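Take a look at the structure below.
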Amino acid sequence: MPTQAKGWGTEAADQPLRPMTFERRDLRPDDVAIQITYAGICHSDLHTARNDWGGTIYPNIPGHEIVGRVTAIGDEVTRHRVGDLVAVGCMVDSCMSCDQCLSGWEVFCREGMVGTYNGVDRHDGSITKGGYTDHVVVRDHFVLKVPDGMDEARVAPLLCAGITTYSPLRQYNVGPGTKMAVIGLGGLGHMGVKLGAALGAHVTMITTTPSKGEDARALGAHDVIVSTDAVQMEAAATRFDFILNTIPVSHEIDGYLQLLGRSGRMVIVGALLQMPGFVGANLIFWNRAVGGSAIGGIPETQEMLDLCAKEGIYPEVELIAMDEVNDAYERLLRNDVRYRFVIDMARGL
């Protein structure tokens, strides 16, 4: 039978989040039911709730950084057991038969992956509702195992900020000997620093804010460059093999391209809207390239969680109660968090 769920969502772009009740589907044979204990807050949640990107279907219940305990499994599920600590990220289904799905890149499913919220269920056409809720039902393939011993309260942001920054590092073989820079010290940037350092790269933080230099070093950065300092930027010309660009808004990249050495690559993971043009010569000379990267697939996400467990890597988080979510959204807009909010579902739901 379907179950009654409670959570927080919004009815319109100009409305705050508020308590809501709705139905979760009964378990299909390959489903896992999860009692949610912690849910991370991502900038994407805010943008979707407020329809900043268009296409939001209301009522909307955000949340795609989910941690919790398995409470029930479908008849065909063998990977998970009741009581397991598990996690769910940005997607909850895909066709599982196209070339992308079969190669572990479900995010690029030819038929379109199903988002954890604001997506359309492949079977019944219902609109998916996210992790700002007491429980969720998810296809078992898209449920990740949280390794034993991890701090449950700090895992959730790894399911978005963690994999978003880990995936490009793995794709472009960042590791020992790599001279890597991270642009922007926020929710994504601070994970880029931690993961890059854990993989053995020499990591430099590039920021517009001199006061963030101390934070960057505490997170694992070896060096800091203040991008508004022309002397520092000129001195760093052609220094880097790889730049992870986490700036979340449209911005000029020519100045940063100058920092790439021969065959260097900049990967953009933060800005989703139209970017300004750049000078072609900044790519042609020194054989530079600019690319993008989305979240990884399920195998890569599990790999990331296993690495974080082994190396003790966690995002820096601030725990809040569910009924503090609207204040958290306003603080996100002011960049007033170091560096991710996590909702403790035991408080204020």
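Points to keep in mind about this one:
- Near the amide H of GLY292, within less than 5 Å, lie the amide hydrogens of ILE268, all on another chain or at least 5 residues away, with H placed in the peptide plane.
- Lysines whose Cα lies under 22 Å from that of LYS145, excluding same-chain neighbours fewer than 8 positions away: LYS129, LYS194, LYS310
- Global form of region 1-119, assessed from the alpha-carbon gyration tensor, a/c cut-off 1.5: oblate
- The distance between label points at ALA237 and VAL249 comes to 2.9 nm (points 7 Å beyond Cα on the Cα→Cβ vector).
- Relative contact order, whole percent, for region 161-292 stands at 21, derived from Cα pairs under 8 Å and 6 or more residues apart.
- Surrounding net charge for THR128, when Lys and Arg each add one and Asp and Glu each subtract one, Cβ distance under 12 Å: +2
- Amide H contacts under 5 Å for PHE341, placed H, 5+ residues apart: ILE41, GLU318
- Reachable aspartates and glutamates, given that their alpha-carbon falls under 18 Å from the alpha-carbon of LYS6 and they are not under 8 places away in the same chain: GLU23, ASP26, ASP45, GLU65, ASP134, ASP323, GLU324, ASP344
- When +1 charges are put on Lys and Arg Cβ atoms and -1 charges on Asp and Glu Cβ atoms, the dipole computed for region 161-292 relative to its Cα centre reaches about 400 debye.
- Taking other residues whose beta carbon is less than 12 angstrom from the beta carbon of ALA5, and scoring Lys, Arg as +1 and Asp, Glu as -1, yields +2.
- Look at the alpha carbon pairs under 8 Å that are at least 6 residues apart: their mean separation over the length of the chain gives a relative contact order of 17 percent.
- Relative contact order %, region 149-233, counting alpha carbon pairs below 8 Å whose residues are six or more apart: 24 percent
- Overall dimensions of region 161-292 by Cα: Rg and Dmax, Å: 13.2, 37
- Summed over qualifying helices (DSSP H, 4 residues or more, each -39500 (n - 2.57)) and divided by its residue number, the chain shows a 222 nm mean residue ellipticity of -6000 deg cm²/dmol.
- The packing ranking of peptides 70-78, 149-157, 195-203, 120-128, highest mean first, is 195-203, 149-157, 70-78, 120-128, where packing means the average number of other beta carbon atoms within 10 angstrom of each residue.
- Computed from phi, the 3J(HN,Hα) profile of region 130-145 under the Karplus parametrisation 6.51, -1.76, 1.60 (θ = phi - 60°) reads x, x, 7, 9, 7, 8, 8, 10, 9, 4, 4, 4, 9, 9, 8, 8 Hz, with x in place of Gly and Pro.
- The label point for LEU333 and the one for MET96, both projected 7 Å from the Cα toward the Cβ, are 4.1 nm apart.
- Theoretical FRET efficiency, 1/(1+(r/R0)^6), r = Cβ-Cβ of THR208 and VAL82, R0 41 Å, to 0.05: 0.25
- The phi-based Karplus calculation (6.51 cos²θ - 1.76 cosθ + 1.60; θ = phi - 60°) puts the 3J(HN,Hα) values of region 252-265 at 6, 10, 4, x, 6, 4, 4, 7, 7, x, 4, 6, x, 10 Hz, whole numbers, x for Gly and Pro.
- Compared with the alpha-carbon gap, the fully stretched path from HIS123 to PHE278 is longer by 51.4 nm at 0.36 nm per residue.
- Beta bridges from DSSP with both residues in the chain: antiparallel share about 55 percent, rounded to the nearest 5.
Since every read-out is calculated from the coordinates, none of them should be taken as a lab result. From a predicted model like this one, the values you see are computed outputs, not experimental measurements. Because the Cβ atoms are built from the backbone with ideal geometry, glycine has one as well, and the counts that use them run over all protein chains shown.
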